[in-house]
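A short worksheet on the structure shown next.
The values are calculated or read from the model by the stated rules, or taken from the named source; none is laboratory data. These numbers come from a predicted model, not from an experiment. Cβ sites come from the backbone with ideal geometry, for glycine too, and all protein chains shown count toward neighbours.
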Amino acid sequence: MTTHPSTAEKGAGPLLRAWREQRRISQLELALRADSSARHISFVETGRSRPSEEMVLRLAEHLDVPVRERNALLLAAGYAPRYPETPLDDPALGALREGIERLIGGYEPYPALVVDALYNVVAANRGVMTLVDGVGEALLEPPLNAMRLALHPQGLAPRIRNLRAWRGHLLEQMERQIALHRSEPLRALYEEVAAYPVPDADPADEPSEPVPYFALPLRIEHEGRTLSFVSSISTFNTPMDVTVAELAIETLLPADPATAKYLQASLS
């Protein structure tokens with residue numbers, strides 16, 4: 001059985017081995033990628049050899065270890081963390097915040113939002129706020145959580161016409177994130193939202209004729225009509241800060257002309 005990177009064993013070696021096994025990469029393959037030798041990788045993993053700071057970072061890069069966990073590897077190896085975790089409201093990230101607000105504002109009238117590693121909403125445009133109109137007040141108290149908003153019975157779930165399919169998509173997305181990140185809070189959130197009740201499928205919620213969508217749509221009822229969107233998620237390239245590394249920008253693109261026309265009229 002593959003060891004999860006949350007192993008309680010001490011030292012960088014066991015942590016590196018756990019990440020390597022999770023990525024299903026052999027010692028030889030990792031050695032070739034990192035310009036090392038399988039023997040040295042073995043010695044590092046068993047604690048017989050202490051890796052240099054450069055080697056820890058190089059192995060973490062080739063194992064696609066998240067930035068937060070790279071700091072944990074460095075600490076386990078006896079080195080200082082390399083990547084800061086700057087609060088999003090820190091003046092140092094002022095240009096980032098301004099850029100994000102400009103980006104999602106420019107996407108209007110279509111919905112766009114920014115979430116952190118736990119799917120807490122850190123920014124949203126008017127298109128998103130239009131969709132969440134009528135959601136239970138408790139769900140709108142800070143911090144707003146995108147997964148709770150989407151799947152809670154007092155959230156958007158009753159208005160999502162293809163809830164079972166969209167719920168399956170969101171849960172699979174969370175499962176991929178849990179596999180990538182060592183995050184017990186994310187796992188707890190997954191268990192919470194996965195336990196929300198799901199109503200029986202209503203044939204009336206599905207279109208009578210198949211619609212040639214190019215991706216799984218989010219079909220949501222709004223003021224007596226069904227709007228259809230497809231989702232796109234973007235992250236920052238080569239982040240050097242934990243906070244920035246864990247931000248994701250989600251944009252909802254109208255999946256049909258009727259949805260685009262309605263949004264353009266409603267927010268004009």
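For the reader, a short list of remarks on this structure follows.
- Residues that are touching a Lys or Arg at 6+ places or on another chain (Cβ under 6 Å) and either under 30 Å from PRO87 (Cα atoms) or not acidic (Asp, Glu) (or both), drawn from segment 216-266: ARG219, ILE220, THR226, SER228, VAL242
- Identity of the residue in segment 159-176, touching a residue at least 24 places away in the same chain (Cβ under 8 Å) and assigned to a helix (DSSP H, G or I), that ends up farthest from the chain's Cα centre (by Cα): ARG159
Here's the yes/no breakdown for (1) of a type in the set (Gly, Ala, Ser); (2) modelled with pLDDT under 95; (3) assigned to a loop (DSSP other than H, G, I, E, B):
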position: GLU209; (1), (2), (3): no, yes, yes
position: TYR213; (1), (2), (3): no, yes, yes
position: ILE220; (1), (2), (3): no, no, no
position: PHE229; (1), (2), (3): no, no, no
position: ASN237; (1), (2), (3): no, yes, yes
position: THR243; (1), (2), (3): no, no, no
position: GLU250; (1), (2), (3): no, no, no
position: GLN264; (1), (2), (3): no, yes, no
position: SER268; (1), (2), (3): yes, yes, yes
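- Test: GLN177 is under 18 Å from LEU149 (Cβ atoms), polar (S, T, N, Q) and either at pLDDT below 95 or in contact with a Gly (Cβ under 8 Å, 6 or more places away or on another chain) (or both): yes
- Of all residues in segment 131-159, those satisfying the criterion of being in contact with a strand residue (DSSP E or B) (Cβ under 7 Å, 6 or more places away or on another chain), within 17 Å of VAL121 (Cα to Cα) and surrounded by 15 or more Cβ atoms within 10 Å (Cβ to Cβ) are LEU131, LEU144, ASN145, ALA146, LEU156.
- Tally of residues being hydroxyl-bearing (Ser, Thr, Tyr), outside any loop (DSSP other than H, G, I, E, B) and surrounded by 14 or more Cβ atoms within 10 Å (Cβ to Cβ) across segment 10-65: 1
- If you check ASN120, ASN162 for being under 23 Å from PRO239 (Cα atoms), in the same structural domain as ALA255 (by TED's automatic domain parsing) and either surrounded by fewer than 16 Cβ atoms within 10 Å (Cβ to Cβ) or not hydroxyl-bearing (Ser, Thr, Tyr) (or both), only one passes: ASN120.
- Filter pass, SER183 being modelled with pLDDT under 95 and within 30 Å of LEU16 (Cα to Cα): yes
- VAL198, sole failed condition from (1) part of a helix (DSSP H, G or I); (2) among the β-branched types (Val, Ile, Thr); (3) at pLDDT below 95: (1)
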